[in-house]
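This report concerns only the one structure given below.
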Amino acid sequence: MNKFVKHPLQYSNIAPLLLIFLLFFHCTGNPQSAQEFTKQREQMVKWQIEARGVTDKRVLDAMRKVERHLFVPPELASYAYADQPLPVGYNQTISQPYIVAFMTEALKLEAGSKVLEIGTGSGYQAAVLAEICDSVFSIEIVEELGKKAKALLKVLNYNNIFVTIGDGYKGWPEFAPFDAIIVTCAPTHVPDPLKEQLVEGGKMIIPVGETNYQELILMVKKKGRLIQQAVLPVRFVPMVDKNKNMY
Ligand code: SAH
């Protein structure tokens, strides 16, 4: 017999080992090291965010720092730094990293700014904001999502983020006025209560439009009036009331 032709039994010895190896990686979700995630975050900032024109150092630093993989479902952690939105359950999504950075930069936040966010979702955008400004007030209408985000942000020691469950269309009058407002779900018009709760000179960024297509509108309040400018076409989940009717 040719000595280079292996006996079939030699292969069948390897097969179970291979199976155990594959099963291990399948069950553990192919764990990536913190170092690997850090590298992916660096690349995300460089290729998805800086390359598209975001220059504010505080925004870039926040995007480098906040561990996006902790805000997505564990089985999607390996996609956390990809150039796309991801599902977070309850038919909702965490926005594409570039959109988070773009919207944050557009608000031109200062260290002392108090920000209102509508649509807490995973809590990721709130964490990015909280790295830059004084305090973040965030409203989520899906109770389970709001509770989950609140718990995660607490574990991560974000003591300057306040999450409440409710209808963000109405804003959060108790803590108004806000220096900036960021809306991460899309109504068909700009809610009046949000206009009222913006401080003089403050900025609001909000996607406005129909279900599958909206314009991101940047507004600034000058002498009590809102001056607006469309800055980017986007696709966000709709803003809904407690009966799931779209605004
Ligand atoms: N900012 C989030 C992504 C938001 S997705 C993040 O960083 O992960 C949009 C969110 O808006 C969803 O969680 C949705 O439930 C919420 N939402 C929709 N209508 C709302 C409303 N009227 N008030 C508050 N939240 C609302």
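The values are calculated or read from the model by the stated rules, or taken from the named source; none is laboratory data. All figures in this text were calculated on a predicted structure; none of them were measured in a lab. Ideal geometry is used to build each Cβ from the backbone, glycine not excepted, and the neighbour counts take in all protein chains shown. The accessibility values were calculated without ligands, DNA or RNA, using every heavy atom of the protein model including side chains. Shrake-Rupley method; radii C 1.70, N 1.55, O 1.52, S 1.80 Å.
Figures for the structure shown
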{"quantity": "Top-ranked residue in region 140-172 [being near the ligand (Cβ under 6 Å from one of its atoms) and under 14 Å from the mean Cα position of the chain (by Cα); ranked as nearest to Cys185 (Cα to Cα)]", "calculated": "Glu140"}
{"quantity": "Region 48-76: number of residues that are part of a helix (DSSP H, G or I), free of Cβ contacts under 8 Å to residues at least 24 places away in the same chain and hydrophobic (A, V, I, L, M, F, W, C)", "calculated": "1"}
{"quantity": "Among the residues listed as Gln35, Gln43, the single one being of a type in the set (S, T, N, Q), exposed (fewer than 13 other Cβ atoms within 10 Å of the Cβ) and modelled with pLDDT of 95 or more", "calculated": "Gln43"}
{"quantity": "Tabulated pairs, region 139-165, first within 22 Å of Pro238 (Cβ to Cβ), second within 14 Å of the ligand (Cβ to nearest atom) and open to solvent by 100 Å² or more (accessible area, probe 1.4 Å), C-beta under 7 angstrom, 6+ apart or interchain", "calculated": "Ile141/Lys242; Val142/Tyr90; Glu144/Tyr90; Leu145/Tyr90; Val163/Lys150"}
{"quantity": "Test: Ala180 is more than 10 Å from the ligand (Cβ to nearest atom), within 13 Å of the chain's Cα centre (by Cα) and closer than 25 Å to Lys221 by Cβ", "calculated": "no"}
{"quantity": "Positions within region 79-107 being over 25 Å from Lys170 (Cα atoms) and either in a loop (DSSP other than H, G, I, E, B) or away from the ligand (no atom under 14 Å from the Cβ) (or both), in sequence order", "calculated": "Tyr79, Ala80, Tyr81, Ala82, Asp83, Gln84, Pro85, Gln96"}
{"quantity": "Residue in region 108-124 that is in a helix (DSSP H, G or I), under 23 Å from Gly202 (Cα atoms) and open to solvent by less than 10 Å² (accessible area, probe 1.4 Å) present", "calculated": "yes"}
{"quantity": "Check on Ala180, surrounded by fewer than 21 Cβ atoms within 10 Å (Cβ to Cβ) and in contact (Cβ under 8 Å) with a residue 12 or more places away in the chain", "calculated": "no"}
